[in-house]
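Everything below concerns the one structure shown next.
The values are calculated or read from the model by the stated rules, or taken from the named source; none is laboratory data. For clarity, every value in this text was computed on a predicted model and none was experimentally measured. Neighbour counts are summed over all protein chains in view; Cβ atoms, including those assigned to glycine, are modelled from backbone coordinates with ideal geometry. The accessibility values were calculated without ligands, DNA or RNA, using every heavy atom of the protein model including side chains. Shrake-Rupley method; radii C 1.70, N 1.55, O 1.52, S 1.80 Å.
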Protein chains: 2
Amino acid sequence: MNPATRPTEIVSSAHDRVYRGLRTRIMLGQIAPGEALTLRGIGKEFEVSMTPAREAVRRLVAEGALSMSSSGRVQTPELSNERIEELAALRSLIEVELASRALPRAHMALIDRLQTINGTIAEVVRDRDAVGYIRSNLEFHRTLYLRAQAPAMLAMAETVWLQLGPTMRALYGRLRRSEAPQFHRLIIAALKAGDEPGLRLAVRSDVTQGLKMLAS
Amino acid sequence: MNPATRPTEIVSSAHDRVYRGLRTRIMLGQIAPGEALTLRGIGKEFEVSMTPAREAVRRLVAEGALSMSSSGRVQTPELSNERIEELAALRSLIEVELASRALPRAHMALIDRLQTINGTIAEVVRDRDAVGYIRSNLEFHRTLYLRAQAPAMLAMAETVWLQLGPTMRALYGRLRRSEAPQFHRLIIAALKAGDEPGLRLAVRSDVTQGLKMLAS
DNA sequence: ATCCGCGTAATGTGATCACAAATCGGGGCG
DNA sequence: CGCCCCGATTTGTGATCACATTACGCGGAT
């Protein structure tokens, strides 16, 4: 609390801890759409003052992960159907490109890793663990896209995930599925075969699939 | 994230004035790549304390418009060639989609407006006014994309412009051109004809054209 | 019972301060 | 003459505070 009393640990700055904490919580859908947050509440939870809390919140607002009313009140955004469609289209555009760039760099170790993650997904789906599902699903995509060696594109994709986080939870909550995602298997098959058109189609399908039914 | 999505703000708060001031300056390339900024300096310039200056800077860092060293020092980023290529690819992906969505909504008034802006571009090019060129060029694109009715996509595109701002200036400074951009005329022609493939190609060419020679 | 006001509590904003770390300068040593 | 070290200054960070504004709940009037 008091800077003088805090031990001199090698620790990332306060606002960064707050930022990362809130970010993963939002991206994993652990905050419901429309839920309100207060600076003092955040500061209390992370044991910091208002200043780092405000900076973390401002950053998340800039990234579209939180929305801010004209009075400065902050909450997770409730997305309109039009906005969801836009974000899904953006995911499709960017992630298809990322997958395409990752394809020539994909080797067996990567495919093995993807299959392992897919196994984890099957487990959490069986357990009806929505947060675990979102986490594993994002890990699957991120693992693939990291091979593209395109940090700016990956950052853009993650920003889109962030904006979709709260509604994603709502989606997978109502989704009655019991099997591992079929499109992930198609992605892996296309990677193995070096089939770029097939990969692009599989990624686009995987990205679009779930979000379509949210617009109903 | 961008002014279009921000709710109606009656009075601009201090940090917002600082943010917008720095943002347009960066996007127009009025700050050289690698130029350093200090919080106290910014605060003094905008006649505010460090607090709003810090918030504005943090927001711009989150958007990739500024880079921050581990010690917290802030400066405009010096982009590597790989990153420039990535950002150009992102511009191409997003803006082609925006243009495509704007096409069915484009009517004569819009085309007239675009032609007027193109005339302005011809003027500033004749005067060797780099900042004026960037401003008019962005206005051309934004005017077209606003018709797409896709605020999330437009925000993404503007974020990419922001990241390219400082290097854009360097590019157009060394570019020895004296005529209005040819691809803008192709865009307008495709809009008039309702030719979607032609429009997509023209936008992609316009976006890629300039940035390619920066990677030399 | 419902709706409207009003007062209190809560919240965001911005300024200021203390502190630690980094940066830059000059002076001394090799 | 060049390099390194050390001190002063600059700079970012985070806490605290005062203030304006907003949201909320309680009470009364219709």
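Which length gain, in nm to one decimal place, applies between residue A:38 and residue A:155 when the Cα-Cα distance is subtracted from 0.36 nm times their residue separation? All intermediate terms of the calculation are to be shown ahead of the outcome.
On the way: separation 117, 0.36 × 117 = 42.12 nm, distance 2.69 nm.
Full extension from residue A:38 to residue A:155 adds 39.4 nm.
Compute the acute angle (0 to 90°) between the alpha-carbon long axis of helix A:108-126 and the principal axis of greatest extent of the alpha-carbon atoms of chain A; round to the nearest 10°. Orientation of helix A:108-126: about 70 degrees from the principal axis. Relative to the longest principal axis of chain B, what angle (0 to 90°, nearest 10) does the C-alpha long axis of helix B:50-62 take? The angle comes out near 40 degrees. Can you compute the FRET efficiency between residue B:108 and residue A:82 using 1/(1 + (r/R0)^6), with r the Cβ-Cβ distance and R0 = 25 Å? Round to the nearest 0.05. Here the calculated transfer efficiency is 0.45. Relative to the longest principal axis of the Cα atoms of chain A, the long axis of helix A:14-27 lies at roughly 40 degrees. When all alpha carbon pairs of the protein assembly as shown are counted in 20 Å bins from zero, the resulting P(r) reads 23, 56, 20, 0 %. Per residue, the convex hull spanned by the alpha carbons of chain B comes to 126 Å³.
Mind listing which trypsin sites (Lys or Arg not before Pro) in segment A:95-190 are in a DSSP loop and have 14 or fewer other Cβ atoms within 10 Å?
In loop regions of segment A:95-190 (DSSP not H, G, I, E or B), the sparsely surrounded trypsin sites (Lys or Arg not before Pro) are A:128, A:176, A:177.
Per DSSP helix of 4 or more residues, -39500 (n - 2.57); summed, then divided by the residues of chain B. What does that give at 222 nm, rounded to the nearest 500?
Values: 9 runs with 146 residues, N = 216.
When only DSSP H runs of four or more count, the value is -22500 deg cm²/dmol.
Within the assembled protein chains, the solvent-accessible surface assigned to residue A:161 is about 0 Å², based on a 1.4 Å probe.
Might you report the magnitude of the Cβ-based charge dipole of chain B about its Cα centre, with Lys and Arg at +1 and Asp and Glu at -1, to the nearest 20 debye?
On the way: 30 positive and 23 negative charges, 36 e Å.
That gives a dipole near 180 debye.
Enter the mean number of other protein chain beta carbons within 10 Å of the beta carbon of each residue in B:57-65, as an integer. Before the final figure, lay out the partial values.
Values: counts 1, 8, 6, 1, 2, 9, 4, 4, 0.
Per residue, the average neighbour count from other chains is 4.
Modelled label positions at residue A:73 and residue A:201, each set 7 Å beyond Cα in the direction of Cβ, lie 4.9 nm from each other.
Over segment B:79-139, with every protein chain in place, what whole percent of the accessible area is carbon and sulfur at 1.4 Å, could you tell me?
Values: 1280 of 2650 Å².
Answer for segment B:79-139: carbon and sulfur cover 48 percent of the accessible area.
Distances between placed amide hydrogens fall under 5 Å for residue A:78 paired with A:34, all partners being 5 or more residues away or on another chain.
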